[in-house]
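The values are calculated or read from the model by the stated rules, or taken from the named source; none is laboratory data. Since this is a predicted model, take the numbers as computed values, not measurements. All Cβ positions, even for glycine, are placed from backbone atoms using ideal geometry, and neighbour counts span all protein chains on display. For accessibility, only protein heavy atoms count, side chains too; no ligands or nucleic acids. Shrake-Rupley method; radii C 1.70, N 1.55, O 1.52, S 1.80 Å.
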Amino acid sequence: CRHPLLQTLARSSTTQQDGRLMTPGVSRILSTGRNSLSNDQPPAHIHSASWGAIDITNGYTGQSSQFDTYMYWNDDFLAIVAAGNDGNKEYDDRMNSVSSPSTFKNGITVGASNNYKGEGDKLGPTYLAPFSGRGPTKDGRRKPEVVAPGNAIESAKVDLGPRGGDQCHSSTTVKEGTSMATPTVSGTAAIIRQYFEEGWYPDGREGSGPSLNPSGALVKAVLLNGAQTDMRGVDNGSSNIIQRKISNVEPYDNNIGFGRIDLSHSLYLEGYSEVKATIWDRQLVNDGDTDAYTVKIDRSGGCDFRHLSVTLVWVEEASLGDCTRCVQNDLDLHVTVTGADDGPKYYPNGLDGKDDQNNAERVVVPDVPDGANYTLSVRGANLNGPTQKYALVATGCFDGAVPNSIDKSGDVFRTDDSGRKLNRMAIIVVSCCAATAAILLGCCLLSCLRRRKRRK
């Protein structure tokens, strides 16, 4: 229990009379580990926050602003924060239920999906957990950005020694909450950083490329770009199986955002992923100008992924608390077929036009043909200053990528039939109840007929 980071936070925190732990200021929290404790320890680049406001505060608060300020001035830093556990009320959806500081702009807000080994009658991993905090924020921004498993999670636990002692005994416990989902996303973000730092980009082999220091915006873009939207609904639970409500979810909604995280669709490991990635980091677009990039679909190596996915992320200055339009810089992403002036234009986030409310935008072009060239356009539509820095990532079958050799036939996201099993169980219960009622009714009618006969 004498780890220097824990001691630093402990000294900075105070315990209230009701047992609540009051955390130190945001800058102090985010700087802990950021400023290296010794010359041989690298600084922290990711902050995982499994905490937040007690009450629902879905507006942009002073704390949200402080998080955004820190990420703006430390561009290789990314904060990842739990969405909160107020997404369900009386077995029904509770929208606008995310809490500060997850209402920030520049970080990642994490919702919780069910686990493969859910407890009781919970549905499987393709369903959102009932408690997962929902968007939008008060000013209309999408939340959460991504989801990860958040129930029946084996978590770390510390058993303290005798009072006054300094010995800790490590143990584990099972927990649920967006606080359990957030470390999963943070660990995945750390792997993404490691991928770039160790030179795995772009060919998917360690040391084959240069060592890179990715921006927080790029790490966020990679995570969002590979997230999958194949979730089947919200498991709202119920007091009984017949009245259970399963709400619908859609890509880019305020239940699942960009979807569940999936590294196999995010970065290229030769022979172990679905796609190859191309990145542009710390690019600058001028106000009113458009930056254009071109990618070519190449399936010559056997890659059989059918889509092109492109994500734009920018980190900007903090806004004032309780802002009504918190994103200050409007960047627009769209994708077109190169040279096809009259061809379709693909817009972000499931929209038929531009998104001027969020600072993360993804375009997915379905069923792209081999050999096709696509132009990725980033426009500085309306900036607060002369320029805005951004990160852009594209994934698809590029440069002769080889196919994924992993057998995914048993993938739990493909085989999850918990919803059908629940429906069958509900039908059986209803059928049994109906049969029982019919038998009772028949008995009553038979009894009445016998009584009439006796009277006659």
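Things worth noting here:
- Solvent-accessible area assigned to carbon and sulfur over the stretch 248-337 amounts to 45 percent, based on a 1.4 Å probe.
- Other residues lying with their Cβ under 10 Å from the Cβ of GLY385 contribute a combined charge of -3, Lys and Arg counting +1, Asp and Glu -1.
- The three principal axes of the Cα atoms in the stretch 297-374 give end-to-end lengths of 51, 28, 17 Å, sorted in falling order.
- C-alpha center-to-center spacing [the stretch 88-155, the stretch 209-237] in angstrom: 15 Å
- Mean accessible surface per residue for the stretch 312-391, computed with a 1.4 Å probe while every protein chain stays in place, in Å²: 45 Å²
- Anisotropy class of the stretch 128-234 from Cα gyration tensor, a/c 1.5 cut: oblate
- Percentage relative contact order, the stretch 346-407, counting C-alpha pairs under 8 Å, at least six apart: 18 percent
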